[in-house]
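FYI, it's all coordinate maths here, none of it is from the lab. On a predicted model such as this, the values are computed, not experimentally measured, just so you know. Cβ placement follows ideal geometry from the backbone for every residue including glycine, while neighbour counts extend to all protein chains displayed.
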Amino acid sequence: MISKFTLSFALILNVLTTYAQSQKYEYKSKYGQLNFTSTRTIVNDTVFIDSGLLCSSDTAKVCSITFKKIKLAWFVMVDGIWQEFFNPVDSLIKVVEFKNEKFILKPIGHSMNYNGVNLFSFIKEDLYVFTNHTSTLWFDPSLGVVVIEGDEQLIRQDFAKVMRK
């Protein structure tokens, strides 16, 4: 029989371990009118899940992307298969289609120099749905999505602090 102490200890250890494996990133508007938090859940040394970047919920499945990063090459898990998303050799973001979730991640061919850092752009484009409202996500090969532009420009705060130095 498991004692209450053992059960309590196991629960606390599980909470601490889970907390240690998640990182919160705050995105703030340049003008201070809008902000949100995304969550990065670390699975192992190379695999993590970014939640909350594609829509306003960090719990909905379609709002989460599972990435694998090996050096500066990025891959995305789609239907159980790793697909290349970004490769520093050709410096291009690749089109990735999430058929089950009915959207694609699509490069839009622009880059932006943000305080000396070259960022690459992509959008989430819903399949079979016409919408004229899109957000551009700006991707840094070292950190991931660091700027989101739509009605406002949202900057990931850890990235902004590094850029101010």
**Message:** From the gyration tensor of the Cα coordinates in segment 78-165, what semi-axes in whole Å does the equivalent ellipsoid have, largest first, with each one equal to sqrt(5λ)?
**Reply:** 24, 17, 11
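Loop-only check: which chymotrypsin sites (Phe, Trp or Tyr not before Pro) in segment 67-165 are DSSP coil with at most 16 other Cβ within 10 angstrom?
Tyr128, Phe130
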**Fill in**
Place a point 7 Å from the Cα of Met163 in the direction of its beta carbon; the residues of segment 106-127 whose amide N falls under 13 Å from it are 112-121
**Prompt:** With the contact rule set at Cα under 8 Å and sequence spacing of 6 or more, what percent relative contact order holds for segment 23-164?
**Reply:** 18
**Asked** How big is the gap, in Å, between the Cα center of segment 132-164 and the Cα center of segment 32-50?
**Response** 13
**Request:** For every other residue with a beta carbon closer than 10 angstrom to the beta carbon of Phe75, add +1 if it is Lys or Arg and -1 if Asp or Glu, then tell me the sum.
**Result:** +2
